[in-house]
Amino acid sequence: MTRPDSTNLRQDLANLLQQGGVLKTAEWRRAVEDVPRERFLRFFFKDAPGPDGHLRYTPVCPDTNEDEWLALVYRNETWVTQLDDHVTADTAEGPLPGFPTSSSTMPATVVGMNEALDVEDGMTVLEIGTGTGYSTALLCHRLGEDNVTSVEVDPEVARRADDALEATGYSTWTVAGDGLLGHPRRAPYDRTIATCALRRIPYAWVRQTKPGGIILATLSPSSWSYGTGLAKLTVKDGTAEGRIIGRTSFMPARAEAVVPLSGDLAARAAYADTERKTRLSPDVLNDWMPAFLAQLAAPGAQLIHAVSDSREVVYLFDTEREAFAALTADGDQWRVRQGGPVAIWDAIEEAVTAWQKAGEPDITAVRVAVTRNAHTYWIDGKQISNDRRSKWLGGKEPTLHWEHSHPPLTA
Ligand SMILES: C[S@@+](CC[C@H](N)C(=O)[O-])C[C@H]1O[C@@H](n2cnc3c(N)ncnc32)[C@H](O)[C@@H]1O
């Protein structure tokens, strides 16, 4: 089989990433120029909104139109490669609905994260979320195949990635397994990087990363697809500490993926303990940083926009604790009904209001510490969230307090 020549497309991609300020070092530029993304993306899905507004996925493969396929492969875009844990573009006929469960992440994110890893020659890396294997191949190019270990939870996805890596010349360690456990067998690693989002950094990764080593992963305390933060943490004495360095959005780790609630949502919100006017509109959650704070304030809560009796309702459900908040428009104001052992909207309002009073600092002002017992988040020295696991056993509730007048916040 003759292979298409993608040399120019790879250089164009490298130029694009460099001009965008993402690609910064010669080593990563060489990796982008040398690794053929098409080996990892023979089959993928193009998406477009269907008649009901929900996305529909159409398979793309080289057999349909090789030039078009190759041009798409080198777009700076995320391409979905698996839907609903098993549907792949080589066997499916589209357009079809589905929920993306594996993909090749957009090169700007992959390369930006690789740059942020601050690797040096000879370092070892543990990657969680092999996906197509493209990001793994870039790591192998930069550090050598023996220094890369990549864990993929889906055995079929792992097999395909391993085949593609072998065909590209990288006999690296691809492991089919749950990356939340890391991979103790080859630990410790200089760097740990995740290309799926997590509610918390697994403590196993802290154990498996060398002192002074870096963990880079996307934190999404409630598994929302936005309002998430890329955490860069340095490991020290059994803890990991650092900050959120930017926004990244990834599909959640499989064990943490949420099945969206459906059915009679009003029945879930039938018994309210309190009702009041809100201080904030739920529209505030459309912005990234308030959404991040809301996830911290109400970890595990699902956010659902619905229509009931021709009225918009914004629901937040914490199914584990059987708590809810239901917000409905009341003229140009909003009312909230809340029920269950935690007042979800009270907690979110408190967090977002404190942030507004502090001058609305960017997500990069957030610092994070991970210990065996807790994830703690701060801004400017003030703790904004602590999820000590002991609280679930009747211990202290998380604290959420900022002082009201803040000096300018620095990242
Ligand atoms: C965004 S894709 C990875 C993109 C990949 N790095 C690439 O460049 O093609 C996320 C991947 O994480 C995998 N994943 C989800 N949960 C996981 C877990 N607990 N352990 C390992 N992999 C996981 C998914 O199956 C999916 O293939």
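The values are calculated or read from the model by the stated rules, or taken from the named source; none is laboratory data. Computed from a predicted structure; not experimentally measured. Heads up, the Cβs are rebuilt from the backbone with ideal geometry, glycines too, and the neighbour counts pull from every protein chain shown.
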Under 8 Å between Cβ atoms, at least 6 apart or on separate chains: pull out the pairs that start in the stretch 55-71 with a residue that is surrounded by 17 or more Cβ atoms within 10 Å (Cβ to Cβ) and end on any residue that is polar (S, T, N, Q). LEU70/SER6
Mind checking whether some residue in the stretch 226-242 is within 16 Å of the ligand (Cβ to nearest atom), under 30 Å from ASP332 (Cα atoms) and not β-branched (Val, Ile, Thr)? yes
So which residues in the stretch 208-232 are in a loop (DSSP other than H, G, I, E, B) and surrounded by fewer than 17 Cβ atoms within 10 Å (Cβ to Cβ)? SER225, TYR226
Please identify the pairs in which a residue from the stretch 140-154 that is of a type in the set (A, V, I, L, M) has its Cβ atom under 6 Å from the Cβ atom of a residue that is buried (at least 22 other Cβ atoms within 10 Å of the Cβ) and in a helix (DSSP H, G or I), counting only partners at least 6 apart or on another chain. VAL148/LEU139; VAL148/CYS140; VAL151/GLY179
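Yes or no, residue by residue, for (1) modelled with pLDDT under 95; (2) surrounded by 24 or more Cβ atoms within 10 Å (Cβ to Cβ); (3) among the aromatic types (Phe, Trp, Tyr); (4) in contact with a strand residue (DSSP E or B) (Cβ under 6 Å, 6 or more places away or on another chain):
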{"position": "ASN147", "(1), (2), (3), (4)": "no, no, no, no"}
{"position": "SER150", "(1), (2), (3), (4)": "no, yes, no, yes"}
{"position": "LEU165", "(1), (2), (3), (4)": "no, yes, no, no"}
{"position": "VAL206", "(1), (2), (3), (4)": "no, no, no, yes"}
Please verify whether the stretch 206-214 includes one or more residues that are within 26 Å of MET106 (Cα to Cα) and not β-branched (Val, Ile, Thr). yes
Please name all residue pairs, on different chains or six or more residues apart, with Cβ atoms under 6 Å, provided the first residue is in the stretch 309-323 and is at negative phi and the second residue is part of a strand (DSSP E or B) and of a type in the set (Phe, Trp, Tyr). PHE317/PHE324
If you scan the stretch 98-120, which residues turn out to be more than 13 Å from the ligand (Cβ to nearest atom), small (Gly, Ala, Ser) and not in a loop (DSSP other than H, G, I, E, B)? ALA116
Can you name every residue in the stretch 72-104 that is at positive phi and surrounded by 16 or more Cβ atoms within 10 Å (Cβ to Cβ)? GLY98
Tell me, which residue of the stretch 252-296 that is among the small types (Gly, Ala, Ser), more than 20 Å from the chain's Cα centre (by Cα) and part of a loop (DSSP other than H, G, I, E, B) is nearest to ALA354 (Cα to Cα)? SER281
Go through (1) touching a residue at least 24 places away in the same chain (Cβ under 8 Å); (2) assigned by TED's automatic domain parsing to the domain that holds TYR315; (3) not aromatic (Phe, Trp, Tyr) one by one and return the number of the condition GLU241 breaks. (2)
Over the stretch 61-87, the set of residues under 30 Å from GLU256 (Cα atoms) and of a type in the set (Val, Ile, Thr) is VAL73, THR78, VAL80, THR81, VAL87
Looking at (1) over 18 Å from TYR226 (Cβ atoms); (2) crowded, with 18+ Cβ neighbours inside 10 Å, which is the one condition that is false for GLN295? (1)
Kindly evaluate SER249 against the criterion of being buried (at least 21 other Cβ atoms within 10 Å of the Cβ) and part of a loop (DSSP other than H, G, I, E, B). no
Has the stretch 269-284 got at least one residue that is on the phi > 0 side of the Ramachandran plot and surrounded by 14 or more Cβ atoms within 10 Å (Cβ to Cβ)? no
